[in-house]
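Have a look at the structure below before the remarks.
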Amino acid sequence: MKILVVGSGGREHALAWKLRQSHRTSAVFVAPGNAGSKACATTVPIQADDFAGLENFALKNAIDLTVVGPDNALASGIVDRFQCAGLKIFGPNQAAARLESSKSYAKEFMARHGIPSARFAICDSVNEGLRAATRFGFPVVIKADGLALGKGVVIVQSREEADRVLHRIMDDRLFGDAGTTVVVEEYLQGIESSVHALIDGERYCLFPTAQDHKALYDGNHGPNTGGMGAFSPSRLSSSDLQAIEEGILKPFLRGIQSDGVEYKGMLFPGLMLTERGPVVLEFNARFGDPESQAILPRLSSDLIDLLEATIEGRLGEVAPQWSTAVSVCVVLASKGYPERPETGKPVVGLDAVSELRDVLVFHAGTREHEGRILTSGGRVIGITALADSIRSARRKAYDAVSMIEFDGCYFRRDIGSIGTP
Ligand code: AMP
Ligand code: GLY
């Protein structure tokens, strides 16, 4: 089979790497990919939002399966477009992806179907927002309704701050149209976690757990990022998992069926484990990044079989095999990430790391220039190590990290050593 992966991050590199291993694969293409995807795939210089270009490429090259990484492409309807052209594609269609791309839609969906989430109000003006914030009390959470590059959620401590943030989002349009509507939400206390489950419209297939480290600095301090590292399995207990299956995944399936939403793809809910059990903070309609860089290396069976079964509504027929090895993924980021990452710095040491056993290098913001690899984004490289304990996976990952250098390279030193905020 010929496979096309859409996107350019570490997640897409990990997907391409895993898809390449299938005996069913004859070729893997990544559009646009990065300097690292070239090791396992052919990179194609078409951006993830150029749907016409991607569709032409897939038709011309008789692509058998396209796998979509980023949320924006799903939210803008890449799946619907490929399906209209008769192309097989993995990911939810535009209507289903609204569960990630519109927080108000997701909140109403959860309320309708008894899925636990924070108390909320959907607000179309600053005044409405302020009234709701005051009603819930402080701290309170203000969320731009639409996709905002992971920056659309602000926790505010006072009425003055809420006023300022609501004006910035709704009047100054800090996040553009994503902030026309906001969701104001009760602040929840607890331990953050997430799960990944494939959804074929009628069934789910739970992936092993993984824990992201979202904050920039050690000890979970500093601003939130896309994710500075992950480990798998996470410390979710089996009773937590059971509560997630019963209280979230099963009602989710009943909800999409009763609403007539055809959801086929990955569902990756962000959760807060509270005193009253797991509560959904948000739905993501895609693989997490860096979570996928920690989870996919633990899959010992075929990924194409799983993705096809999801698309074809046959998840009941597949039984993925997972390695018992533990994985730790450490992200190397550019100086200035997440606000203003410096780019264009040469990366050295990658060849030596590629020789290491049970260590994988997934590229994110890298590009090749005159035979050298240069940084080209905020998150540059993810190093995943596999071992029989989290301690040794951590040691292996950090040994490999110490072999890689670029000007301004920053990484957290506590990935995998703390599981709770
Ligand atoms: P979201 O994009 O909705 O997951 O929000 C991003 C981050 O904001 C989450 O990972 C949490 O750290 C935080 N957050 C979101 N909603 C809440 C909430 N209701 N209570 C506390 N923290 C929240
Ligand atoms: N690591 C969090 C995310 O992919 O949204």
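Of the peptides 376-384, 391-399, 64-72, how do they stack up when ordered by the mean number of other Cβ atoms within 10 Å, highest first?
376-384, 64-72, 391-399
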* Asked: In debye to the nearest 20, how big a dipole does segment 323-421 give about its Cα centre with +1 on each Lys and Arg Cβ and -1 on each Asp and Glu Cβ?
  -> 300 debye
* To do: Compute the Cα gyration tensor for segment 1-110, then decide on rounded, prolate or oblate, letting a ≥ b ≥ c be the square roots of its eigenvalues: rounded whenever a/c is under 1.5, prolate when a/b is larger than b/c in the other cases, and oblate in all that remain.
  => prolate
* Asked: From the backbone phi of segment 93-102, what are the Karplus-calculated ³J(HN,Hα) couplings (6.51 cos²θ - 1.76 cosθ + 1.60, θ = phi - 60°) in whole Hz, Gly and Pro given as x?
  -> 6, 4, 5, 6, 5, 4, 4, 9, 7, 10
* Asked: Spin-label point model (7 Å from Cα, Cβ direction): what's the K335 to H23 distance in nm?
  -> 5.1 nm
* Rank these residues by their accessible area, most exposed first, probe 1.4 Å: M403, M170. => M403, M170
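Sort the following peptides by mean Cβ neighbour count (other Cβ atoms within 10 Å, averaged over residues), highest first: 280-292, 113-125.
Numbers: 280-292: 24.8, 113-125: 17.5.
The most tightly packed comes first, giving 280-292, 113-125.
Grab the Cα-Cα distance for D177 and D388, subtract it from 0.36 nm times how many residues apart they are, and report the gain in nm with one decimal. Spell out each step's value before the answer.
Details: separation 211, 0.36 × 211 = 75.96 nm, distance 4.70 nm.
That works out to 71.3 nm of additional length.
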* Structure fact -> Taking a crude spin-label model, label points 7 Å out from Cα along the C-beta direction, the E342 to S238 distance in nm is 5.1 nm
* Structure fact -> Here FRET efficiency (C-beta to C-beta, A39 to F138, R₀ 51 Å, nearest 0.05) is 0.55
* **Heavy-atom surface of the chain, accessible at 1.4 Å and reported per residue (Å²)** => 41 Å²
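When averaged across all projection directions, what area in nm² does the alpha-carbon convex hull of segment 194-256 cover?
Values: hull surface 20.7 nm².
Projected over every direction and averaged, the Cα hull of segment 194-256 covers 5.2 nm².
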* When the accessible area of segment 79-174 is computed with all protein chains present and a 1.4 Å probe, what percentage of it is carbon and sulfur? -> 48 percent
* Structure fact -> Between Y217 and E246, Cβ-based FRET efficiency (R0 35 Å, step 0.05) works out to 0.45
* Asked: Which entries of K38/K60; K88/K345; K88/K143; K103/K264 show an alpha-carbon separation above 28 angstrom in the structure shown?
  -> K88/K345; K88/K143
* Within segment 321-355, find all residues whose amide N lies under 20 Å from a label point positioned 7 Å from the Cα of E368 along Cα-to-beta-carbon. => 344-355
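Report, in cubic angstrom per residue, the convex hull volume of the C-alpha atoms of the chain. Intermediate results must be reported in sequence, preceding the final value.
Numbers: hull volume 57.5 nm³, N = 421.
So the per-residue Cα hull volume is 137 Å³.
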* So what are the ³J(HN,Hα) numbers for segment 362-373, from phi and the Karplus equation (6.51, -1.76, 1.60; θ = phi - 60°), rounded to whole Hz, Gly and Pro as x? -> 10, 7, 10, x, 9, 9, 9, 9, 6, x, 10, 9
* Tell me what the chain gives for mean residue ellipticity at 222 nm when only DSSP H runs of n ≥ 4 count, each as -39,500 (n - 2.57), the sum divided by the residue total, rounded to 500 deg cm²/dmol. => -7500 deg cm²/dmol
* Figure the gain on full extension for E262 and R112 (residue separation times 0.36 nm, minus the Cα-Cα span) and round it to one decimal in nm. => 52.3 nm
* Structure fact -> Taking R0 as 51 Å and r as the Cβ-Cβ distance between N127 and A352, the FRET efficiency 1/(1 + (r/R0)^6), rounded to the nearest 0.05, comes to 0.30
* To do: Could you check the simple spin-label distance between Q94 and Q189, using points 7 Å along Cα→Cβ, in nm with one decimal?
  => 4.4 nm
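The values are calculated or read from the model by the stated rules, or taken from the named source; none is laboratory data. Here the structure is a predicted model, which is why all the values come from computation and not from measurement. Here the Cβ is made from the backbone with ideal geometry for all residues, glycine too, and neighbour counts use every protein chain on show. Heads up: the accessible areas ignore ligands, DNA and RNA and are worked out on the full protein's heavy atoms, side chains in. Shrake-Rupley method; radii C 1.70, N 1.55, O 1.52, S 1.80 Å.
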